[in-house]
1. With each label point set 7 Å from Cα along the Cα-Cβ vector, what nm distance links residue 61 and residue 159?
2. In nm, give the distance between the simple-model label positions of residue 106 and residue 31, each being 7 Å from the Cα along the Cα-to-Cβ direction.
3. Could you tell me what a quarter of the Cα convex hull surface of segment 1-102 works out to, in nm² with one decimal place?
4. Can you match percent of Cα pairs over 26 Å apart to one of these, (i) 28; (ii) 31; (iii) 47, based on a calculation from the structure here?
5. Under a point spin-label approximation (7 Å from Cα along Cα-to-Cβ), what is the residue 95-residue 71 distance to one decimal in nm?
6. As a test of the formula, what do you get for the chain when each DSSP H run with n ≥ 4 contributes -39,500 (n - 2.57) and the sum is divided by the residue count, at 222 nm and rounded to the nearest 500 deg cm²/dmol?
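Each value in this text was obtained by applying a stated rule to the coordinates, not by laboratory testing. These figures come from a predicted structure and were not determined experimentally. Note: ideal-geometry Cβ built from the backbone for every residue, glycine included; neighbour counts use all protein chains shown.
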């Protein structure tokens, strides 16, 4: 049976992608999180590459009550320790992060674990290893990530969505115009960073993504 928390993994997978500043002070994330939630996102991932655990935890403490009030799922990128300490709903692991089996052994029941994958072999390894969902991409060329993995393309996304048993979140270079193609490929959700977070009206851009998944 799908958990109520995992059931929120549909539509826009909101990315609160925050760059750390001088002194590693917690940057403001609440405004972006609220805009994404206003646009219909029911799951948010906090990503702060290079931040200290203390700085990351301070932002988690800001976002957690906001997500609770909106009945949204809060996922922390990379850091299982911070996710557990901060009372988040789950963690999202990259290929070079804590191994999935080790994370699952430490996580309490109902705690979500997602895994970034960049090819069919990684995707099925994550699915067979007990991941609750996978991120798959980059579907298109992306400038958001340093040293991105090779583009997988819509064909590979479509094939994977037909075969894998857990939800697939499409990520990487997805524009607002690409969203209908991602929906048609069978993805449960799409993570857009530049196209949504960088839009003049973040909530409006988020609503456009959310609406595409409701068709």
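1. Placing both labels 7 Å along Cα→Cβ, they lie 4.8 nm apart.
2. That separation, rounded to one decimal, is 3.4 nm.
3. Its average projected convex-hull area is 6.8 nm².
4. Matching entry in (i) 28; (ii) 31; (iii) 47: (i).
5. Label at residue 95, label at residue 71, 3.8 nm between them.
6. -10500 deg cm²/dmol
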